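One structure below.
The values are calculated or read from the model by the stated rules, or taken from the named source; none is laboratory data. Here the structure is a predicted model, which is why all the values come from computation and not from measurement. Using ideal geometry, Cβ is built from the backbone for each residue, glycine included, and neighbour counts are taken over all protein chains shown.
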Amino acid sequence: MCWNRFWILGLGTLFTCTFFIQAKNNPVSDKQDKPIRTIVIDAGHGGEDPGAKGSYSTEKQVTLEVALKLGKILEENMPDVKVVYTRKTDRFDDPRKKAQIANDNKGELFVSIHCNSTGKIRKVTGYKTVYHKKGKKKVAVKQPIYAYYPSNAKGTETYIWATSKNNAKMESLKQNSVIVLDAESEETKQLMDDTDPETFILLNTLRNAYFDQSLRLSTLIEDEFTRVGRISRGARQRNEKGIWVLSATAMPSVLVELGFISNPEEEDYLNSNNGQQELANCIYKAIKRYREELDRFTNNRNTQQSTTKNNGKNNNTTAYLKATSNSKENRSAPASGDRYCVQLLITDKFYKPGASIFRKLHGDINRQPIVMNKKKLNKYIWGRFKTDEQASGALRKARKLGFKDAFVTSC
């Protein structure tokens, strides 16, 4: 199945990278072995920022209640996991501070909780006759009478950052301690040089793995909402106001829209204890499934680490990072030495390799079938490039030709 292939290929690469990145001069502890040790819960808005407004409640109130309930469930059922809150009171923090809280605590997962809203519906309830002067005559004109009603939009949505924010995500990985263990080291400074192909592969691999993990979790969350009868509007990418914090956190990250506070029926549900508990439970169950999937693919890490130690491998951070880059290069690059590809788009449309949409691109176009929110989609990958300079040039060309969400990935 598609997701099984994702966990085997994507997470294998991710865990190799994160193992080397987080390595210290001391042996790795059992606690460090666990794939999720810290979960950051963000209650959206707060303080002077109320967020969306219903007829009697605000988004900031609902998100805080659900965030606290989710945190309590996690603390009771996952005692080995540290739960970090961006806020536990009615307080406003700039999104930059929220991202800093998550990054400083070295979170492995960031869950931001929000409520949705839409404007009122305008309906014609009747007509009235008004007279307009036209020359010396008065002309009767029928004018509609409008009434405004609350929106009937309902359902949940879970967002991840849009691929157009990939560069921002990669920058957050580079700047935070999850990557740079010794920022003053000359070796580290050289290694984290943007122009260094090894650095590019490392950051690019982590970013793409975090993207895939975020997508997987968002799908699981929407699946759990559906199980309890909620209307799911899908797992989506988002590139608009309110999503910045997802690309600024150096970890897998999702933003959950619990429902439409502008809909009276949904507002009652969002403010009820049963509704809030149900929503928190759904998110917890999705996180639990997500962690179990991670666990299944990390059971052999202790053996691998023990073998590394017994073989006398150098535990120096720089050596680990170099080994990671070389390992990734050897696994992903074909015999010709080509290492980079450009992901053009993900769509439900089927295009043949010679389709007009790809006509101005030179090189092979490969299609990969994927599944998102139980919907079959197609991912289109362009070419193979030997250097990051060639790949960057190809990316600029792709975006110039209309592929606005294109980004560079390792082949």
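Looking for something assigned to a loop (DSSP other than H, G, I, E, B) and surrounded by fewer than 12 Cβ atoms within 10 Å (Cβ to Cβ) - is there at least one such residue anywhere in the stretch 93-116?
To start, the set of residues in the stretch 93-116 that are assigned to a loop (DSSP other than H, G, I, E, B) comprises 93-94, 105-108.
Restricting the remaining residues to those that are surrounded by fewer than 12 Cβ atoms within 10 Å (Cβ to Cβ) gives 94.
Checking the stretch 93-116: at least one residue is assigned to a loop (DSSP other than H, G, I, E, B) and surrounded by fewer than 12 Cβ atoms within 10 Å (Cβ to Cβ).
Which count do you get for residues in the stretch 39-65 that are closer than 16 Å to T156 by Cβ and under 20 Å from the mean Cα position of the chain (by Cα)?
2
Is it the case that I261 is surrounded by 16 or more Cβ atoms within 10 Å (Cβ to Cβ), farther than 22 Å from E75 by Cα and at pLDDT below 95? Walk me through how you get there before you give the answer.
On the way: surrounded by 16 or more Cβ atoms within 10 Å (Cβ to Cβ): yes; farther than 22 Å from E75 by Cα: yes; at pLDDT below 95: no.
Judged against the criteria, I261 is not a match.
Inspect the stretch 395-404 for any residue being over 30 Å from E222 (Cα atoms) and assigned to a loop (DSSP other than H, G, I, E, B) and give the result as yes or no. First the steps, then the outcome.
The initial filter retains those residues of the stretch 395-404 that are over 30 Å from E222 (Cα atoms), namely 395-402.
With the extra rule that they be assigned to a loop (DSSP other than H, G, I, E, B), the set shrinks to 401-402.
Yes - at least one qualifying residue is present in the stretch 395-404.
Can you tell me how many residues in the stretch 396-408 are more than 13 Å from G363 (Cβ to Cβ) and buried (at least 19 other Cβ atoms within 10 Å of the Cβ)?
Total satisfying the criteria: 4.
Yes or no, residue by residue, for (1) under 30 Å from C282 (Cβ atoms); (2) among the β-branched types (V, I, T):
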{"position": "Q100", "(1), (2)": "yes, no"}
{"position": "G126", "(1), (2)": "no, no"}
{"position": "V130", "(1), (2)": "no, yes"}
{"position": "K133", "(1), (2)": "no, no"}
{"position": "V139", "(1), (2)": "no, yes"}
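Looking at the stretch 196-249, which of the residues that are at pLDDT below 85 and assigned to a loop (DSSP other than H, G, I, E, B) is surrounded by the fewest Cβ atoms within 10 Å (Cβ to Cβ)?
K241
Picking from N326, N330, N314, N378, which residue would you name as being out of contact with any helix residue (DSSP H, G or I) (no Cβ under 7 Å at 6 or more places or on another chain), part of a loop (DSSP other than H, G, I, E, B) and at pLDDT below 90?
Details: N326 fails: part of a loop (DSSP other than H, G, I, E, B); N330 fails: part of a loop (DSSP other than H, G, I, E, B); N378 fails: part of a loop (DSSP other than H, G, I, E, B).
Every option except N314 fails the conditions.
From K142, K133, grab the single residue that is modelled with pLDDT of 85 or more and assigned to a strand (DSSP E or B).
Selected residue: K142, the only one of K142, K133 that is modelled with pLDDT of 85 or more and assigned to a strand (DSSP E or B).
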